[in-house]
Amino acid sequence: MTDDLTPRAVIFDMDGLLLDSEPLYRVTWQTAAAELGCPIDDSFYSRFVGRGNDEAERLLIERFGDTLPLGEFRIRWQRDFDERLAHAPLPHKPGAVALLDRLDARGISKALATSTPRAVAARCLGGLHSRFSVFAFGDEVEHSKPYPDLFLLAASRLGVARDGCLVIEDSEAGVRAAHAAAMAVIMVPDLVEPSPEIAAMVIRVCRSLDDVLQ
């Protein structure tokens, strides 16, 4: 961050922060798992939030082992996800467009760093895709969140040092990733409230992107 605390660049998460997409992921993962006899309750699902699919699948394997046919699970949730997304585009989170507009007006660079693979993210973003010139996707790094790789890649593509970046995140995994990247982070919780440990890693917890804008 610069001396006046104004960042040179802001790096955004996507799911649960800019887009109200976590409910869609949750219902499709829970439905597919239940159909295969491996129910995922909300408490267990909360551990997936903010993580890439590889990390989330690792947690599934730890819980269910060979009982869950992973290949069939992927086919079912992805098919359901695509059908639901085609029927109803994902809504923007309150304050998302206004915050992007404010950053543009102030000449502050913006990047998107999401654990979601590029092909899926492009469909989810819709018109928001054009608001970013720099992206870092989950299938471009070896380790997704909670590792720092995505944020470091975004900063490199922005050409901005770590201490000039502000990250805005909604998830515990995302906050851990930003903290590991030595970047300042604001948290806007979506499905899961921050623990005291996570709250200590952020410069502020805001209730919405409208609060961040203020």
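The values are calculated or read from the model by the stated rules, or taken from the named source; none is laboratory data. This is a predicted model, so every value here is computed, not measured. Reconstructed Cβ throughout: ideal geometry from the backbone, glycine too, with neighbour counts over all protein chains shown.
Quick one: which of 72, 22 is of a type outside the set (A, V, I, L, M) and under 20 Å from residue 138 (Cβ atoms)?
Details: 72 fails: under 20 Å from residue 138 (Cβ atoms).
Criteria check complete, one pass: 22.
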query: Just a yes or no: is a residue in the range 111-124 surrounded by fewer than 20 Cβ atoms within 10 Å (Cβ to Cβ), in the same structural domain as residue 13 (by TED's automatic domain parsing) and at pLDDT 95 or above?
result: no
message: Please verify whether residue 164 is small (Gly, Ala, Ser), surrounded by fewer than 20 Cβ atoms within 10 Å (Cβ to Cβ), touching a strand residue (DSSP E or B) at 6+ places or on another chain (Cβ under 7 Å) and in contact (Cβ under 8 Å) with a residue 40 or more places away in the chain, treating the condition exactly as stated.
response: yes
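Any idea which residue in the range 40-55 is surrounded by the fewest Cβ atoms within 10 Å (Cβ to Cβ), counting only those that are closer than 24 Å to residue 142 by Cα and out of contact with any Ser or Thr (no Cβ under 9 Å at 6 or more places or on another chain)?
Of all residues in the range 40-55, those closer than 24 Å to residue 142 by Cα come to 45-55.
Subset that is out of contact with any Ser or Thr (no Cβ under 9 Å at 6 or more places or on another chain): 45-48.
Working: 45: 20, 46: 15, 47: 17, 48: 22.
Ranking the qualifying residues of the range 40-55, first place goes to 46.
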statement: Counted residues in the range 138-151 being in contact with a strand residue (DSSP E or B) (Cβ under 6 Å, 6 or more places away or on another chain) and either surrounded by fewer than 19 Cβ atoms within 10 Å (Cβ to Cβ) or of a type in the set (Phe, Trp, Tyr) (or both) come to 1
- prompt: Only one of these conditions is not met by residue 106: (1) more than 17 Å from residue 49 (Cβ to Cβ); (2) touching a Leu at 6+ places or on another chain (Cβ under 9 Å). Which number is it?
  reply: (2)
query: Of the residues in the range 176-201, how many are buried (at least 20 other Cβ atoms within 10 Å of the Cβ) and either in contact with a Pro (Cβ under 7 Å, 6 or more places away or on another chain) or outside the structural domain of residue 137 (by TED's automatic domain parsing) (or both)?
result: 4
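Scanning for something touching a helix residue (DSSP H, G or I) at 6+ places or on another chain (Cβ under 6 Å), at pLDDT 95 or above and farther than 22 Å from residue 102 by Cα, does the range 165-176 turn up at least one residue? Give the steps one after another, and end with the answer.
Going residue by residue through the range 165-176, those that are touching a helix residue (DSSP H, G or I) at 6+ places or on another chain (Cβ under 6 Å) are 165, 167, 169, 172, 175.
From the residues that got through so far, the ones that are at pLDDT 95 or above too are 165, 167, 169, 175.
Next, only the ones that are farther than 22 Å from residue 102 by Cα stay: 175.
There is at least one residue in the range 165-176 that is touching a helix residue (DSSP H, G or I) at 6+ places or on another chain (Cβ under 6 Å), at pLDDT 95 or above and farther than 22 Å from residue 102 by Cα.
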task: Could you list, in sequence order, all residues of the range 76-104 that are touching a residue at least 40 places away in the same chain (Cβ under 8 Å), surrounded by fewer than 17 Cβ atoms within 10 Å (Cβ to Cβ) and of a type in the set (A, V, I, L, M)?
output: 98
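Would you say residue 154 is in contact with a helix residue (DSSP H, G or I) (Cβ under 7 Å, 6 or more places away or on another chain), at pLDDT 95 or above and buried (at least 22 other Cβ atoms within 10 Å of the Cβ)?
Numbers: in contact with a helix residue (DSSP H, G or I) (Cβ under 7 Å, 6 or more places away or on another chain): no; at pLDDT 95 or above: yes; buried (at least 22 other Cβ atoms within 10 Å of the Cβ): yes.
No.
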